[in-house]
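*Asks:* Quick one: structure below, then a few questions.
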Amino acid sequence: MPAVDICFSPELLPLYKLEGRVAVIVDILRATSSIVTALANGVTHVFAVAELDECTALGRQHGCLTAAERNGVQAEGFDLGNSPFGYLDGAIVTRGRAVAISTTNGTQALRRSLGADAIIIGSFLNLQAVADFARGQQKDVLVVCAGWKGQFCLEDTVFGGALAERLADTFDVRSSDATLAARHLWQQARPDLSGYLLQSAHVRRLNHLEAHKDFEFCLRLDEYPATLPIWREDRL
Ligand code: 3SL
């Protein structure tokens, strides 16, 4: 029976085997939620890169939009920041365009997971799509939490627990302590996800940046149940 394991931070990735596994990259607040929202709302594809200058270069090379965030704030000189609302009701038309994205933690986590057999993007918004894909693959799943600058993040781990619960009928979700812990957190959080995650450090950071509506949006469960960003060659 394939298993679900959870890597709490990209800094811990050297301890995990990626080969033979499906890597689910998760940065609930907000990179992976924004990528899912972008693709669910007509963005044609997403280039996800670690560095700001790579993002700018891709924008030039492909004539695509650029989106970048550092420390929660839109980086200077880029078309978009990291809010999912940039793809919903933003001033810039994104439908039908490609976007190159670079964020503080989320896109770094993805780039560090390229050794996996399959790399997909997870968020509460597309939880069902992630679970369906994992079931279809029947391979071990590693949830890679983007965290915050190498440190543990509550919301990414709670997502790992939610995914493990959805897969509990056909996956081993008991043999990893990380998965057990994440499932406990999810069980605590589930009755009032937003109230529970208000405790998290990144929510406090976002609230200082007046991004509270992003927080509420990113917690919508199964808003896009059929959107599954999959990494193919150099893009999602
Ligand atoms: O770190 C990241 O990748 C971002 O998602 C952080 S923020 O939500 O834009 O602050």
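Throughout, read-outs are computed from the coordinates displayed, never taken from laboratory work. Remember, predicted model here, so these are calculated numbers, not experimental data. Using ideal geometry, Cβ is built from the backbone for each residue, glycine included, and neighbour counts are taken over all protein chains shown.
*Asks:* Can you give me the C-alpha center-to-center distance between the stretch 50-73 and the stretch 219-235, rounded to a whole angstrom?
*Replies:* 20
*Asks:* Follow-up. GNM on the chain, C-alpha springs below 10 Å: top fluctuator among Asn105, Asn71, Asn82?
*Replies:* Asn71
*Asks:* Further, regarding this structure: Tell me, what is the percent relative contact order of the stretch 1-159, built from C-alpha pairs under 8 Å that lie six or more residues apart?
*Replies:* Details: 332 pairs, mean separation 68.9, N = 159.
With pairs under 8 Å counted, the relative contact order is 43 percent.
*Asks:* If you add up the charges near Phe217, with Lys and Arg at +1 and Asp and Glu at -1, over every other residue whose beta carbon is less than 10 angstrom from its beta carbon, what do you get? Write out the running numbers ahead of the final one.
*Replies:* On the way: positive: Arg30, Lys213, Arg220; negative: Asp214, Glu216, Glu223.
Around Phe217, the charge tally is 0.
*Asks:* Any number yet on Rg/Rh for the stretch 98-236, C-alpha, Kirkwood? Provide the component values of the computation, followed by the final result.
*Replies:* Values: Rg = 14.8 Å, Rh = 15.8 Å.
My calculation puts Rg/Rh at 0.94.
*Asks:* What spacing in nm lies between the two simple spin-label points modelled at Asn207 and Asp234, each 7 Å away from Cα in the Cβ direction?
*Replies:* 4.2
*Asks:* What is the local net charge at Ala134, summed over the other residues whose Cβ is closer than 13 Å to its Cβ (Lys, Arg +1; Asp, Glu -1)?
*Replies:* On the way: positive: Arg21, Arg135, Lys139, Arg166; negative: Asp5, Asp117, Asp132, Asp140, Glu165, Asp169, Asp172.
Spelling it out: positives minus negatives among the neighbours equals -3.
*Asks:* Shifting gears a bit: Only bridges whose two residues both fall in the chain count here: according to DSSP, what percent of them are antiparallel, nearest 5?
*Replies:* Antiparallel: roughly 15 percent of the beta bridges in the chain.
*Asks:* Can you figure out the FRET efficiency of Thr44 with Gln138, using R₀ = 30 Å and their beta-carbon distance, to the nearest 0.05? Intermediate values should be presented prior to the final figure.
*Replies:* Numbers: r = 30 Å, r/R0 = 1.00.
After rounding to 0.05, the efficiency reads 0.50.
*Asks:* So how tilted is helix 31-40 from the main axis of the chain? Cα-based, degrees 0 to 90, rounded to 10.
*Replies:* It is inclined by approximately 70 degrees.
*Asks:* Spin-label point model (7 Å from Cα, Cβ direction): what's the Glu51 to Ser176 distance in nm?
*Replies:* A separation of 3.1 nm, rounded to one decimal place.
*Asks:* What residue among Ser194, Ser175, Ser34 has the largest mean-square fluctuation in a Gaussian network model of the chain, using Cα springs under 10 Å?
*Replies:* Among Ser194, Ser175, Ser34, the largest mean-square fluctuation in the Gaussian network model of the chain belongs to Ser175.
*Asks:* So what's the angle, to the nearest 10 degrees on a 0 to 90 scale, between helix 52-62 and the longest Cα principal axis of the chain?
*Replies:* Orientation of helix 52-62: about 70 degrees from the principal axis.
*Asks:* What does the charge dipole of the chain about its Cα centre add up to, to the nearest 20 debye, if the Cβ of each Lys and Arg holds +1 and the Cβ of each Asp and Glu holds -1? Please list the in-between numbers first.
*Replies:* Numbers: 22 positive and 28 negative charges, 16 e Å.
Value, rounded to 20: 80 debye.
*Asks:* Still on this structure, I have one more. If we count every other residue with Cβ under 14 angstrom of Ala48's Cβ, Lys/Arg +1 and Asp/Glu -1, where does the sum land?
*Replies:* Working: positive: Arg30, Arg111, Arg112, Arg232, Arg235; negative: Asp27, Glu51, Glu54, Glu69, Glu233, Asp234.
My count for the surroundings of Ala48 gives -1.
*Asks:* Further, regarding this structure: Explain nothing, just the number: relative contact order of the stretch 102-236, from Cα pairs under 8 Å at least 6 residues apart, as a whole percent. Mind dumping the intermediate values first?
*Replies:* On the way: 138 pairs, mean separation 49.2, N = 135.
That works out to 36 percent.
*Asks:* Tell me the GluC sites (Glu not before Pro) within the stretch 1-94 that lie in a loop according to DSSP and have at most 13 other beta-carbon atoms within 10 Å.
*Replies:* Details: sites: Glu11, Glu19, Glu51, Glu54, Glu69, Glu76; in loops: Glu19, Glu51, Glu76.
Listed in order of number, the matching sites are Glu19, Glu51, Glu76.
*Asks:* Between helix 154-167 and the chain, what is the angle of the helix's C-alpha long axis to the longest principal axis, kept within 0 to 90° and rounded to the nearest 10?
*Replies:* 60
*Asks:* Sticking with this one: Mark the label point 7 Å from the Cα of Leu114 along Cα→Cβ and return the residues of the stretch 39-76 whose backbone N is within less than 11 Å of it.
*Replies:* Once the point is set 7 Å along Cα→Cβ of Leu114, 48-50 turn out to lie under 11 Å by backbone N, inside the stretch 39-76.
*Asks:* From the gyration tensor of the Cα coordinates in the chain, what semi-axes in whole Å does the equivalent ellipsoid have, largest first, with each one equal to sqrt(5λ)?
*Replies:* Details: eigenvalues 139, 77, 51 Å².
With the √(5λ) rule applied to the chain, the semi-axes are 26, 20, 16 Å.
*Asks:* Shape verdict for the stretch 1-112, please, from the Cα gyration tensor: rounded (a/c under 1.5), prolate (a/b greater than b/c) or oblate.
*Replies:* Numbers: a/c = 2.02, a/b = 1.74, b/c = 1.16.
Verdict is prolate for the stretch 1-112.
*Asks:* Something else about it: Rounded to the nearest Å, what's the spacing between the alpha carbon centres of the stretch 132-151 and the stretch 186-205? Just the number, please.
*Replies:* Computed from Cα coordinates, the inter-centre distance equals 20 Å.
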